[in-house]
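Since the structure comes first, as structure tokens, the remarks are kept for the end.
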Amino acid sequence: MSAPTAAYGGEPSDGPQTPGTGLFRELARTVVAVAEVQGLRSFTLPYPGIAQRALDRTVTHCLDIGQTPPRSLPELWEWCRSRTAADPLFGVPASFVAPDATLVHPVGRMPTRICLEVASHGPIGGVAAEARTHLDALEARCGSDERFRLCRQFLARNPVVYLEDRFGARRRKAGWNQEAWTRVKELYRPVPESLYAGGVALRCPTCGLPALTHDRTVPLPGRPLAAGQTWCEAEECARDNGLELIRKPKLALVQPRSLRVFLALPHPAEEAALSGLDAAGIGWEPVPGDLSAYRLRETGGATVDVRIRDRQEPGLLAAGLAHPAPSADRTFVVVPQRLADRAGYRARFTAALPAPLRERLALTTPTGLVPGIRGEDQHDA
């Protein structure tokens, strides 16, 4: 399943060291790497080195636990699509990821969001660290805080850029800014063929991220499809009018997956949270070196930070925020309401935090942020 809904359980953990969990982490990084190189639908020999090593390790692990190993990389990829974290092959504790998590999306046949989060877990930082590297380099090129703010906002609002976004009726909707575009355009690249469907590209009208149909055919314009027939990178968007067609995909450009998922996807929650602070008269300023972090002004001597995230796995979210421990006296972690409402999400986030941090880090939502800062009863907002 692409967006696990099972209730969470298990003990807190920074990352179990069992062989099966280690294999799950390695496969997550491999899936991400190979998806960038050639997609996950077809393979030619010789396999990429990282993929061959993952296959070899999987074969060894299977032999160690008495299971029949995969015969090829395509079969291993099918395992990543169909075998969950709780499968005996992996035996990943529920404190690390939800039991029904998979690494390859069953419809999109792309890395799942959970796969990207697992691949970003640990000191190397993976995909999320790549997004920070892109933004750090952009900030250095911009030369001023205001130029960087505008460029970052452009990236967050435009994960996919099409010719119509620049010159057509979508210009205002896309928030086009020519000055920003000249500074960020080198971060965009042609749409890879792995994102083509019947010769066109598809974009989700809800999140603005790339989308696909289950059979890679072109959907009828404006015609909604069942949830099991479509995929977008957000994985859980509600769409009343189907997918948006980009009929000339060679005239479209996309950001790296790292920016699409770790900058553009959380941006609606970020905008809502900052708008709430502005409306309440609470000042803030960006914290350097983080994808989305802000420090509040005039907090009576205490240091108060706000970090905005959109992560499927609350245990991994907590571990990433706790190591290294935040320097602020109090940190509010803002997630979209749909995540905060998911069964067990809040409890598992808290359980995954080291005990000394549980009073310093508070999970909230865009609407619950200001009441939380003021010490008001949030009623699970």
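The values are calculated or read from the model by the stated rules, or taken from the named source; none is laboratory data. In this text the structure is predicted, and so the values were computed from the model without any measurement. Neighbour counts are summed over all protein chains in view; Cβ atoms, including those assigned to glycine, are modelled from backbone coordinates with ideal geometry. Surface areas here come from the heavy atoms of the whole protein model, side chains and all, with no ligands, DNA or RNA. Shrake-Rupley method; radii C 1.70, N 1.55, O 1.52, S 1.80 Å.
Structural remarks
- The residue that is nearest to Glu313 (Cα to Cα), counting only those in region 238-261 that are surrounded by fewer than 17 Cβ atoms within 10 Å (Cβ to Cβ) and in contact (Cβ under 8 Å) with a residue 24 or more places away in the chain, is Ala238.
- Thr112 vs. criteria at pLDDT 90 or above and touching a strand residue (DSSP E or B) at 6+ places or on another chain (Cβ under 7 Å): yes
- Selection count where residues are over 20 Å from the mean Cα position of the chain (by Cα), crowded, with 23+ Cβ neighbours inside 10 Å and either of a type in the set (D, E, K, R) or over 30 Å from Arg216 (Cβ atoms) (or both), scope region 87-111: 1
- Count of residues meeting criterion [among the hydroxyl-bearing types (Ser, Thr, Tyr) and open to solvent by less than 80 Å² (accessible area, probe 1.4 Å)] in region 128-145: 1
- One residue stands out among those in region 67-83 that are open to solvent by 40 Å² or more (accessible area, probe 1.4 Å) and not charged (D, E, K, R): the one that is nearest to Ala101 (Cα to Cα), which is Ser82.
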